[in-house]
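The next block holds one structure in the form of structure tokens; read it before the comments.
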Amino acid sequence: KFTKVNKVSLKIGELSGVMPESLNFAFKSCIMDKMLEGSTLEIEKVKAVAECSDCMQEFPIDHFNKLCPRCNKFSSNIISGYELYINTIEGD
């Protein structure tokens, strides 16, 4: 059981709709609590990637473009980019 949190690490996907700046602002408000006082927030951005169901090519995507660069087919097989979770918590 932690008595003090030293670091919180998050993973945030490019397509999650979450603004890291807003999370940093909110976290600074939370670290006034004794358990979080002095802790840091680490945000790892996760690239948005899809895989084509036809040619199995993996490729970067964004909100508006999910077309395979190899065969030009639309891909709904999203591998990463929508993540939003706590990866690790370090403490004493």
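The values are calculated or read from the model by the stated rules, or taken from the named source; none is laboratory data. Keep in mind the model is a prediction, meaning the values are calculated, not measured. Cβ placement follows ideal geometry from the backbone for every residue including glycine, while neighbour counts extend to all protein chains displayed. Ligands, DNA and RNA are stripped out before the accessible areas are found, and what is left, the full protein with its side chains, is counted by its heavy atoms. Shrake-Rupley method; radii C 1.70, N 1.55, O 1.52, S 1.80 Å.
The residue that is farthest from the chain's Cα centre (by Cα), among those in segment 42-80 that are closer than 30 Å to K7 by Cα and open to solvent by less than 40 Å² (accessible area, probe 1.4 Å), is V49. For segment 1-41, the set of residues classified as surrounded by 12 or more Cβ atoms within 10 Å (Cβ to Cβ), more than 10 Å from the chain's Cα centre (by Cα) and over 16 Å from I86 (Cβ atoms) consists of K4 only.
The residues of segment 62-92 that are in contact (Cβ under 8 Å) with a residue 40 or more places away in the chain and part of a loop (DSSP other than H, G, I, E, B), listed by number, are D62, H63, G81, Y82, E83, D92.
Taking I61, is it modelled with pLDDT of 95 or more and touching a Leu at 6+ places or on another chain (Cβ under 6 Å)?
Details: modelled with pLDDT of 95 or more: yes; touching a Leu at 6+ places or on another chain (Cβ under 6 Å): no.
Taking the combined requirement at face value, the residue does not satisfy it.
Return the pair list, or none, for Cβ contacts closer than 6 Å from residues in segment 7-29 that are at negative phi and assigned to a helix (DSSP H, G or I) to residues that are of a type outside the set (F, W, Y) and open to solvent by less than 70 Å² (accessible area, probe 1.4 Å), at least 6 apart or on different chains. Listed by first residue and then by second, the contacts come to P20/I43; F27/L41.
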